[in-house]
Amino acid sequence: MNKKKGIALGMFLIVIISGFVYAVTEPAPPSLQMSDSGGVEFIPGCSNGIQDGSETDIDCGGPDCPSCESAAANGSNMTMIIIIAAVVIILIIAIVILLKKKGQGSAPQAQTKPRQQAYQQRR
């Protein structure tokens, strides 16, 4: 794999993983519906990132949403997903760097062997 392809592959994977992390961690947009008077009204929900409706904390508690203890456990799962994504990105960067160094290291050795052989033949 040449240097440009390795960098392009690394960048592509970083964008894909970043999009996944964003999609998993970003709260859902607020829900809207048409009101009886013809306007738009906000519908409280358990995944919009704000404390609304009957929630006792942000997106948890109350009669309509999961308990805050289970929501906290889900939050730690999100933290783990972010950590895993960061580790994957670091590994991809390390692989690209190693491939780059391997490609640079092999070419000069191939050029020096014929020179050494020619020098030894002249002796």
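The values are calculated or read from the model by the stated rules, or taken from the named source; none is laboratory data. Please read these numbers as outputs of a predicted model, since none were measured by experiment. As a convention, Cβ positions derive from the backbone with ideal geometry for all residues, glycine included, and neighbour counts pool all protein chains shown.
For segment 107-117, state whether one or more residues are within 22 Å of residue 9 (Cβ to Cβ), modelled with pLDDT under 85 and either among the small types (Gly, Ala, Ser) or surrounded by 11 or more Cβ atoms within 10 Å (Cβ to Cβ) (or both).
Just the residues of segment 107-117 that are within 22 Å of residue 9 (Cβ to Cβ), to begin with: 107.
Subset that is modelled with pLDDT under 85: 107.
Restricting the remaining residues to those that are either among the small types (Gly, Ala, Ser) or surrounded by 11 or more Cβ atoms within 10 Å (Cβ to Cβ) (or both) gives 107.
There is at least one residue in segment 107-117 that is within 22 Å of residue 9 (Cβ to Cβ), modelled with pLDDT under 85 and either among the small types (Gly, Ala, Ser) or surrounded by 11 or more Cβ atoms within 10 Å (Cβ to Cβ) (or both).
Of all positions in segment 25-45, at least one carries a residue that is within 12 Å of the chain's Cα centre (by Cα), surrounded by 12 or more Cβ atoms within 10 Å (Cβ to Cβ) and either modelled with pLDDT of 80 or more or among the hydroxyl-bearing types (Ser, Thr, Tyr) (or both).
For (1) at pLDDT below 85; (2) within 24 Å of the chain's Cα centre (by Cα); (3) over 19 Å from residue 7 (Cα atoms), each residue gets a yes or a no:
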residue	(1), (2), (3)
82	yes, yes, yes
85	yes, yes, no
90	no, yes, no
99	yes, yes, no
105	yes, no, no
